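The values are calculated or read from the model by the stated rules, or taken from the named source; none is laboratory data. Being a predicted model, the structure only gives us computed values, none of them experimental. For neighbour counting, all protein chains shown are included, and Cβ atoms are generated from backbone atoms with ideal geometry for every residue, glycine included.
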Amino acid sequence: MSKKFFATIALAGLALSLSACTGSADLKSVSDCKPTAAGASSAKIAATGKVGEAPTVKFPSPLTAKTTERTELIKGKGAVAAAGSTLTVNYTAFNGTTGKKIDSTSYKSDGLASVKLDKSALLPGLIKALTCSAVGARVAVVIPPEDGFGAAGSANLNVGATDALVFVLDVVTVKAAVKESPSPSSSVKALAKADGASQPAPAGFPTVVLDDKGAPTITMPAGAAPAELQIADLKLGTGATVASGDTVTVHYTGAIYSTGSVFDSSWTRGEPASFATTGVIPGFGKALVGHKVGSQVIAVIPPAEGYGAQGSPPKISGTDTLVFVVDILATAK
């Protein structure tokens, strides 16, 4: 998904959460934090345009680095991100070897990626990129495989085992970590898979078959995709109800309606994804809010509720309707 990157690498696509820099999580200035150093590779990245608008990015390819390198292209002046902070960001990501764009946010107010600086939930290189970044900053980063997807690469994003990642990130908001003891809702253990009572799918919906672990195989019906957003429960959970703005933990599989091809799946990666309901494409967020933990939800998402006319190259075009099957495993305020 767009914002997919952060969800998938929680990632990442969907999606679009992270940590580093020891010490206080409510830094008041950049001088209180030591950012990842710039290097010869990150210095080769140029990005024109205003913060908050999609940049024109240029760099020589192939581009790589021995360690993660971070160059601040535009200095921020607001709150500073540190361990435990929650940020909203815009980003554009590239394969450093090929120079090809692999993901981005929409650079619209409702298309931001929401991420938390918690090392259990994001690639090390992105943690290093965002830590010590202030609101209003634009940073360019080169992430070697060991701080990225490692030897496995990412087939979903067309990233090989030796490919570096190149990001340009704009920091829109930073919220300090909460220092109080966790609330009961934030300490609830996530389910392994949806455990609610099975529900019949409405007529005309894609067919879903689960394997022994709970991973879905999605088969599309004949005919054209529906023009409107369609959401239904395949399993009805009895846990806490997801509210807008909650951070949810989910397993999901996303497929293209017209072809049935899977473009992203947390099941394939072997671990669920966590992200804010406000940090994903609109149709995906609507499939979460109001549903209970333990539910399995299917959503048929037209472009207007997904990535819009720009799509999310290279996997999703601007005319693709998407189908997601989502297991809601936990939610926290």
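Data for the structure
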item: Unmet requirement for Tyr257, which otherwise passes all of (1) aromatic (Phe, Trp, Tyr); (2) more than 22 Å from Pro221 (Cβ to Cβ); (3) surrounded by fewer than 24 Cβ atoms within 10 Å (Cβ to Cβ); result: (2)
item: Subset tally (residues that are under 21 Å from Pro206 (Cβ atoms), buried (at least 19 other Cβ atoms within 10 Å of the Cβ) and touching a helix residue (DSSP H, G or I) at 6+ places or on another chain (Cβ under 8 Å)) for segment 274-297; result: 7
item: Subset tally (residues that are within 20 Å of Asn156 (Cα to Cα) and hydrophobic (A, V, I, L, M, F, W, C)) for segment 277-298; result: 3
item: Verdict on Phe324 being among the aromatic types (Phe, Trp, Tyr) and closer than 17 Å to Leu229 by Cβ; result: yes
item: Elements of type strands (runs of 3 or more DSSP E) contained in segment 169-278, each with 1 or more residues being at pLDDT 90 or above and farther than 28 Å from Ile102 by Cβ; result: 207-210, 230-236
item: Top-ranked residue in segment 140-177 [being closer than 19 Å to Gly279 by Cβ and among the β-branched types (Val, Ile, Thr); ranked as surrounded by the fewest Cβ atoms within 10 Å (Cβ to Cβ)]; result: Thr173
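This table checks each residue for (1) within 12 Å of Leu165 (Cα to Cα); (2) aliphatic (A, V, I, L, M).
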residue	(1), (2)
Thr48	no, no
Gly52	no, no
Ile74	no, yes
Lys77	no, no
Ser85	no, no
Thr92	yes, no
